[in-house]
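Report on the structure given below.
The values are calculated or read from the model by the stated rules, or taken from the named source; none is laboratory data. On a predicted model such as this, the values are computed, not experimentally measured, just so you know. We place every Cβ from the backbone using ideal geometry, glycine too, and count neighbours over all the protein chains shown.
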Amino acid sequence: MGKIASLIMLSQYQQAIQVQNNCLKTNIKKSVLMCFQGTFLAQQFQFNEAMICYNDAIQSDPNYVDAYYNKANLCFRLLQYEDAINYFDKVIELDPYDADAYNNKGQALEQLNKYEQAFICFEKAIQYDPNDALAHYNKGCSLFKTQNYLDAIICYNKALQLNPTWLLPYVGKGDSLQALNQIKEAIITLKLAIRCNRVPLYINQNIKQLKNSC
């Protein structure tokens, strides 16, 4: 299976298909192979075909976690958030300690403006993977959306502690400080963000606007 995954990563889809077809002649589980096929079909933007593969994988093995997880992520990508949540729930049912499933479910809930429920999911994700910077950042975003700016800043700081060069937590922290009318602190935070690579133009524009508001 490592060869198939490597070919997918290299976008060598035809070779991966050939390897998969060869594997079908062996004892490798059909569910695993169909799940891999769904992955590289999704990467080629063949979403309907990818969904069929995930469904076949689940039909072949109703307890195959990866198939539900990939199907959930594909639903999220297609903006089918309710369906995504249902499949992430299935992942959690099969693997109650899957931090990524909680994190992704939380993001789907946020898209439906269900921030309190999303917050609970991010809490769970952090419980099972305390060093996941993304979960801390997402938790901060859910707190920001519910106007809990001080708590949001704590989450953004934790995300930056785990990943000091990540731009988004700086932006979230700056927005939270601005919401608290702590303009000078917001400017300092956004200036720190400039240290990150490929800083978008709007960061510098935000700094100028904040300076003008002082």
Specify the residue that is modelled with the lowest pLDDT; the eligible residues are those in region 35-56 that are crowded, with 20+ Cβ neighbours inside 10 Å and closer than 19 Å to LEU94 by Cα.
CYS35
Between residues in region 147-164 that are charged (D, E, K, R) and residues that are in a helix (DSSP H, G or I), which pairs lie under 6 Å by C-beta distance while being six or more apart or on different chains?
ASP151/LEU143; LYS158/HIS136
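Residues are listed down the side, and each one gets a yes or a no for (1) in a loop (DSSP other than H, G, I, E, B); (2) over 22 Å from ASP83 (Cα atoms):
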residue: ASN113; (1), (2): yes, no
residue: GLU116; (1), (2): no, no
residue: PHE119; (1), (2): no, no
residue: ALA125; (1), (2): no, no
residue: CYS155; (1), (2): no, yes
residue: PRO164; (1), (2): yes, yes
residue: ASN181; (1), (2): yes, yes
Whichever residue in region 57-88 is out of contact with any helix residue (DSSP H, G or I) (no Cβ under 7 Å at 6 or more places or on another chain) and part of a helix (DSSP H, G or I) and, among such residues, is surrounded by the fewest Cβ atoms within 10 Å (Cβ to Cβ)
GLU82
Would you call GLN147 within 13 Å of the chain's Cα centre (by Cα) and either of a type in the set (S, T, N, Q) or more than 25 Å from LEU180 (Cβ to Cβ) (or both)?
no
